[in-house]
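The values are calculated or read from the model by the stated rules, or taken from the named source; none is laboratory data. Note that this is a predicted model, so its numbers are computed, not measured. Cβ placement follows ideal geometry from the backbone for every residue including glycine, while neighbour counts extend to all protein chains displayed.
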Amino acid sequence: MSFTAPVATGRSTTGIPTARLAMWWLLASEIVIFGGLVAVYLLLRLHNPGWGEEASHTNVWAGAINTFVLLTSSYFIVLGHKYSELKETEKANKFMLLTVLFGFIFLIVKAYEYTTEIMHGFTLFKSVFWSFYYVATAIHATHVIVGMLAIYLISRGVKKGKNLHRTEVVGIYWHFVDIVWIFLFPLLYIAK
């Protein structure tokens, strides 16, 4: 009996590693979800000038801090990938765990933001703007949590020197989470 590499690490007929190709397909479906949400938001926003007033009650500083946090976490996952490729597993693991830590910071800031807004009466059912705000940011936060879990689980293997290629795949996902936030931040916080 001979040993063969698992299918997930092989090359597809495109020449792209199967895991990377699968992640790009997953992200294509996610783009449809977020793209549809953003398109509907923009169409409604253009026909509801009062949304600017609603948006003025979002916490721009919290959104800006979270933008910085996610961009920094993206830098850490890049370093995790770099050290995975160099087979420096301790450093790769450290930067992957820093990415997870910054994901927690993002969620803590988001929880503070939600709490403050709800205390001021800006709830999910206050207006269509706030419905969009909570739905879009909650879907995004769910993706942050999924990314954190994936990075943490993969970091365990990386620390042992196993499946180092997975760092790149989970990094692609994490960058997608960051890019979505880069769209949400100006739409929900800045565009008044």
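Worth a mention:
- Being of a type outside the set (S, T, N, Q), assigned to a helix (DSSP H, G or I), closer than 21 Å to Val38 by Cα and in contact (Cβ under 8 Å) with a residue 12 or more places away in the chain holds for only one residue in Gly63, Gly80, Gly103, and it is Gly63.
- Any chance Ile77 is within 20 Å of Val177 (Cα to Cα), within 16 Å of the chain's Cα centre (by Cα) and modelled with pLDDT under 90: no
- Any hit, the stretch 112-124, residues being of a type in the set (S, T, N, Q) and surrounded by 15 or more Cβ atoms within 10 Å (Cβ to Cβ): no
Residue-by-condition table, conditions (1) surrounded by 13 or more Cβ atoms within 10 Å (Cβ to Cβ); (2) at pLDDT 60 or above; (3) closer than 29 Å to Val144 by Cβ:
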{"residue": "Thr4", "(1), (2), (3)": "no, no, no"}
{"residue": "Arg11", "(1), (2), (3)": "no, no, no"}
{"residue": "Pro17", "(1), (2), (3)": "yes, yes, yes"}
{"residue": "Leu21", "(1), (2), (3)": "yes, yes, yes"}
{"residue": "Trp25", "(1), (2), (3)": "no, yes, yes"}
{"residue": "Ala28", "(1), (2), (3)": "no, yes, yes"}
{"residue": "Ile33", "(1), (2), (3)": "no, yes, yes"}
{"residue": "Val38", "(1), (2), (3)": "yes, yes, yes"}
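- Any hit, the stretch 52-64, residues being touching an Asp or Glu at 6+ places or on another chain (Cβ under 6 Å), at pLDDT below 95, of a type in the set (A, V, I, L, M, F, W, C) and surrounded by 13 or more Cβ atoms within 10 Å (Cβ to Cβ): no
- Among the residues of the stretch 161-192, those that are of a type in the set (D, E, K, R) and either part of a loop (DSSP other than H, G, I, E, B) or without any contact (Cβ under 8 Å) to a residue 40 or more places away in the chain (or both) comprise Lys162, Lys192.
- For the stretch 106-136, a tally of residues being farther than 18 Å from Val40 by Cα and part of a helix (DSSP H, G or I) returns 14.
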